[in-house]
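As C-alpha cells, the structure follows; a few thoughts come after it.
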Amino acid sequence: GGFAGSGKTRTASEMIIGFYKKTKLKTPLLIIDNEKGSRFLVPLFNSAGIETYVKETTSLPDILHAFRMVQSGEVGFLFIDSLTKVWYQYVRDYKAKNSRNFMTLQDWGKILPAWQESFADVFVNTTGNIIFTGRGGYTYDMEENEETKKKEFVRSGVKMKMAGETPFEPDLNIWMEIQ
C-alpha cells in the first residue's frame with residue numbers, strides 16, 4: 001500500500017520477478033490491471049522470461065475467477081493492481097443495487113461483512129501466489145482544538161483505502177512512502 005507514485009507497482013513487479021527466478025516457476029503470470037500499468041509491465045515481465053496475461057477489470061467476480069485460476073495452477077501468480085479500485089467498484093455496485101446516493105451506518109453494517117465473506121475469506125483460503133497493491137489514505141482522530149476548544153478531526157496516520165481488515169489479510173504487508 002501507499003500513495004500514488006510511491007513505487008507500489010514497481011516493487012511488486014520486482015518481487016514477482018524475483019519469485020519466478022528463485023522458484024523456477026514456469027506457469028504464466030496474470031495481471032488484473034485497473035491502473036493502466038500493464039502496458040509498461042508486460043515488457044518487463046517478458047524480458048524476465050515470464051509469460052504474462054492481462055485482464056483490465058474492477059469486477060469482484062473477475063477477481064474471484066482469477067483466484068480459481070491460481071488455485072488450479074492455471075496461472076502461477078496473480079498480481080492485482082490495484083485492489084482499491086475493485087473495492088470502490090464493489091461499493092458503487094452496492095449503492096446502485098440498493099438505490100443509495102449516500103451510505104448509512106446500516107449500509108456499512110451490511111457491506112463490510114459481505115466483502116469479508118466474498119473477498120477476504122476467499123483470498124485467505126486460496127492456495128497460491130497473490131500480490132495486490134492498494135492506494136493510500138489517512139486515518140483521523142477527534143481532538144479538541146486548544147484555541148477554539150472545539151472538537152475537530154485531525155490526520156493521525158496512514159492506511160490502505162480498503163474495507164476493514166483487508167490490508168492485513170496477506171502474509172506480508174509493505175507500506176510504501178516517497179522519500
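General remarks:
- Antiparallel bridges, percent of DSSP beta bridges restricted to region 44-170 (to nearest 5): 75
- Placing a label point 7 Å from the Cα of Met15 along the Cα-to-Cβ direction, the residues of region 77-96 with a backbone N closer than 18 Å are 77-86.
- Qualifying trypsin sites (Lys or Arg not before Pro) for region 113-179 [loop in DSSP, other Cβ within 10 Å: at most 16]: Lys149, Lys150
- Solvent-accessible area per residue in region 30-114 equals 54 Å², computed with a 1.4 angstrom probe and all protein chains kept.
- For region 6-42, backbone nitrogen atoms closer than 13 Å to the point 7 Å from Arg92 Cα along Cα-to-C-beta are found at 34-35.
- Computed in the context of the full set of protein chains, the accessible area of the chain at 1.4 Å probe radius has 53% of its extent on carbon or sulfur.
- C-alpha long axis of helix 83-97 to longest principal axis of the chain, angle in °: 60
- In terms of distances greater than 31 angstrom between alpha carbons, the cross-link table entries Lys24/Lys159; Lys36/Lys97; Lys8/Lys95; Lys55/Lys95; Lys8/Lys150 yield Lys24/Lys159; Lys8/Lys150.
- Pairwise Cα inverse-distance average, inverted: Kirkwood Rh of region 27-122 (Å): 14.7
- The GluC sites (Glu not before Pro) of region 75-149 meeting both criteria, a DSSP state outside H, G, I, E and B (loop) and at most 15 other C-beta atoms within 10 angstrom of the site's C-beta, are Glu146, Glu147.
The values are calculated or read from the model by the stated rules, or taken from the named source; none is laboratory data. Quick caveat: nothing in here was measured; it's all calculated off a predicted structure. Please note: Cβ atoms are built from the backbone with ideal geometry, for glycine as well, and neighbour counts cover all protein chains shown. Please note that ligands, DNA and RNA were not included when accessible areas were found on the heavy atoms of the full protein model with its side chains. Shrake-Rupley method; radii C 1.70, N 1.55, O 1.52, S 1.80 Å.
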